[in-house]
Amino acid sequence: MPTYEYKREDGSVFEITQGINDEPLSTCPTSGQSVSRIISGGGGVVYKGTGWYVTDYKNSNGTNGTASKETKTESKTTEKPD
């Protein structure tokens with residue numbers, strides 16, 4: 001469920017978790033003041049942890065990708081002109 005920000009008449013701001021199909025609040029549930037919903041940029045996507053890899057999923061032959069792990073390294077040499 002998303003979290004929405006509302007601004008009270010006195011200028012203070014509060015957050016509330018509502019269903020996406022719920023009607024916007026017209027009054028503050030704690031103070032009774034009239035409120036308006038603030039449009040914010042949102043939280044965006046937050047990635048936590050070490051990430052995921054192709055080997056985290058099963059291969060087409062039905063085995064776990066970590067069982068048949070292959071590592072290929074390429075080395076490039078670059079020469080600087082004198």
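The values are calculated or read from the model by the stated rules, or taken from the named source; none is laboratory data. These numbers come from a predicted model, not from an experiment. Quick reminder, even Gly has a Cβ in these numbers, built from the backbone with ideal geometry, and neighbours come from all protein chains shown.
Table for the structure above
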| quantity | calculated |
| --- | --- |
| Enumeration of residues in the stretch 5-30 that are surrounded by 13 or more Cβ atoms within 10 Å (Cβ to Cβ) and among the polar types (S, T, N, Q) | Gln18, Thr27 |
| Enumeration of residues in the stretch 8-29 that are more than 24 Å from the chain's Cα centre (by Cα) and part of a strand (DSSP E or B) | Arg8, Thr27 |
| Single unsatisfied condition, Ser60 versus (1) surrounded by 10 or more Cβ atoms within 10 Å (Cβ to Cβ); (2) at pLDDT below 90; (3) of a type in the set (S, T, N, Q) | (1) |
